[in-house]
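The values are calculated or read from the model by the stated rules, or taken from the named source; none is laboratory data. The structure displayed is predicted, hence computed values, not measured ones. Note that each Cβ is placed from the backbone with ideal geometry, even for glycine, and that neighbours are counted across all protein chains shown. Surface areas here come from the heavy atoms of the whole protein model, side chains and all, with no ligands, DNA or RNA. Shrake-Rupley method; radii C 1.70, N 1.55, O 1.52, S 1.80 Å.
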Amino acid sequence: MLERDRAALKDDGDVGDDGVTKRQNISAEQIALELKVEELSRSLENLEESRNQYAFLYDFAPVGYFTFDREGEIRAVNPTGERLLGIDRELLIGQNFSSFVAASDRHIFVDFIDKVFTGQQKETCRLRLSQLDPRQLFVRIEALVTESGLECLAILLDITEKQRAVRALSESEDNLAKAQAMTHVGSWSFDPVSEEVKASAELLHIMRLLPEEATQEDFARVVHPEDQDNVIGNLRQSIDHGKSYEIEHRLKFIDGSLRWVHSIVEPAVNAAGKVIKVYGTTQDITLRKEAEVELRNKTNELQAIFDSIGDGITVYDHDGSIQHHNLISPQLFPLETLPS
């Protein structure tokens, strides 16, 4: 069309100068207008294509998209959001989102919406939805107010499985802490590179340390001075050679009191054979040690009484082999007390 108009201008040789100029101006304006129409048409096509792409992303996104007003009423929602709430979109529009939140968490959503519209920045909250079925659904909501300030755009992410995993982990940690407290066994880990020490609550209780005192230096400080070389030497050997070991040693506290502990240490080695972390359990065995000392003292006491008896006493097993005798027995019965 543009080429035809240009040709028409050339063929109009019988028209006067004023007429030619007018006609040229009209044709130039028509050409410019047609160029703008073509450009606008292309822009509309691109806009339509972009709209379709965004519509596709909006409808098939794996997260729920919501538009809320200042009161928390739902103005728009995508199919994923519809599935999260379990109600048709037509029925959701105009309803307040808080009615789909568990009663115990509704105040969280109310405060969240108020903060979104007040702060004019992205806010995040976590809450539990109320469901008709017994399955609890946990979501994380991220929202940002629009430029008009009348609505906010929100994304809902289903974090139910993650929340369950967190709860299961928390329960496991609680059970472990209870088990450690009942058995007086604490656990710990040591990173040879960063020298970071992680200790369970029961280990800190055994070592009489505060959480902020869980450092290599603080643990070494509690070890009895006479046992420090042995304890540190075994740990160093484990780090250098990747060997596990067990050790018993004493703890000495500021008040001068002593405790006995038994530690089992296991290094974790990477593919290159380098120790990347050392794990250990430490048990308070003070009562056992005290019982051993008491038993040893009782044994020595009984042995002294046994040896002080003036009559010869010999103890035999069921095969007739001598198991024990007092001091005077070999003098009275030398042949019988000889080893067979």
How charged is the neighbourhood of Phe66? Take every other residue with its Cβ under 12 Å from the Cβ of Phe66, and add Lys/Arg as +1 and Asp/Glu as -1.
-3
The answer for the chain, accessible area per residue at 1.4 Å probe in Å², is 67 Å²
Inter-label distance, nm, simple model (7 Å from Cα along the C-beta direction), Lys162/Thr21:
7.3 nm
Using the scaling law 2.2 N^0.38 Å as the reference, what is the normalised Cα Rg of the range 131-187?
1.91
Violations at 22 Å Cα threshold for listed pairs Lys252/Lys298; Lys198/Lys243; Lys198/Lys289 -> Lys252/Lys298; Lys198/Lys289
Estimated Rh, the chain: Kirkwood, alpha-carbon pairs, angstrom
30.0 Å
If R0 is 51 Å, what FRET efficiency do you get for Leu35 and Ala61 from their C-beta distance, rounded to 0.05?
0.85
One finds, for Arg126 and Glu217 with R0 = 45 angstrom and r their Cβ-Cβ distance, a FRET efficiency to the nearest 0.05 of 0.70
Answer rounded, prolate or oblate for the range 160-286, using the Cα gyration tensor with square roots of eigenvalues a ≥ b ≥ c: rounded when a/c is under 1.5, else prolate when a/b is larger than b/c, else oblate.
oblate
For q = 0.12, 0.15, 0.21 Å⁻¹, Debye-computed log10 I/I(0) when each Cα of the range 61-204 counts as one equal scatterer:
-0.62, -0.77, -1.24
Please give the length that would be gained between Ser104 and Gln237 if that part of the chain were fully extended, namely 0.36 nm times their separation in residues minus their C-alpha to C-alpha distance (nm, one decimal).
42.4 nm
For Ala181, net neighbour charge (Lys/Arg +1, Asp/Glu -1) across residues whose Cβ lies under 12 Å away
-2
Residue-by-residue Karplus 3J(HN,Hα) for the range 310-320, coefficients 6.51, -1.76, 1.60, Hz, glycine and proline x
x, 8, x, 10, 10, 10, 10, 8, 5, 8, x
Would you grab the residues whose amide H sits under 5 Å from the one on Asn326? Only those 5+ places off in sequence or on another chain, please, with H modelled 1.01 Å from N.
Ile313
Return the FRET efficiency for the residue pair Leu302, Leu258: r is the Cβ-Cβ distance, R0 is 30 Å, and the value is rounded to the nearest 0.05.
0.65
Quick one: what are the phi-derived ³J(HN,Hα) couplings along the range 247-259, Karplus 6.51/-1.76/1.60 with θ = phi - 60°, whole Hz, x for glycine and proline?
8, 10, 7, 9, 10, 10, 9, 4, 7, x, 6, 10, 9
In nm, to one decimal, how far is the modelled label at Leu44 from the one at Ile93, with both set 7 Å along Cα→Cβ?
2.5 nm
Relative packing of 77-87, 315-325, which averages over residues the other C-beta atoms within 10 Å, highest first
77-87, 315-325
Carbon and sulfur %, accessible surface of the chain computed with the full protein complex present, 1.4 Å:
54 percent
In nm, what is the difference between 0.36 nm times the number of residues separating Arg70 and Asp229 and their Cα-Cα distance?
50.5 nm
Amide H neighbours of Lys274 under 5 Å, counting only residues 5+ apart in sequence or on other chains, H built in-plane at 1.01 Å?
none
In sequence order, calculated HN-Hα J values of the range 109-121 (Karplus, 6.51, -1.76, 1.60; Hz; x Gly/Pro)
5, 4, 5, 5, 4, 4, 5, 4, 6, 7, x, 6, 9
When the charge dipole of the chain is computed with +1 at the Cβ of Lys and Arg and -1 at the Cβ of Asp and Glu, the Cα pointing farthest to the positive end, of Thr67, Ser170, Ile155, is that of Ser170
Summing -39500 (n - 2.57) over every DSSP H run of at least 4 residues in the chain and dividing by its residue count gives a helix-only mean residue ellipticity at 222 nm, to the nearest 500 deg cm²/dmol, of -15000 deg cm²/dmol
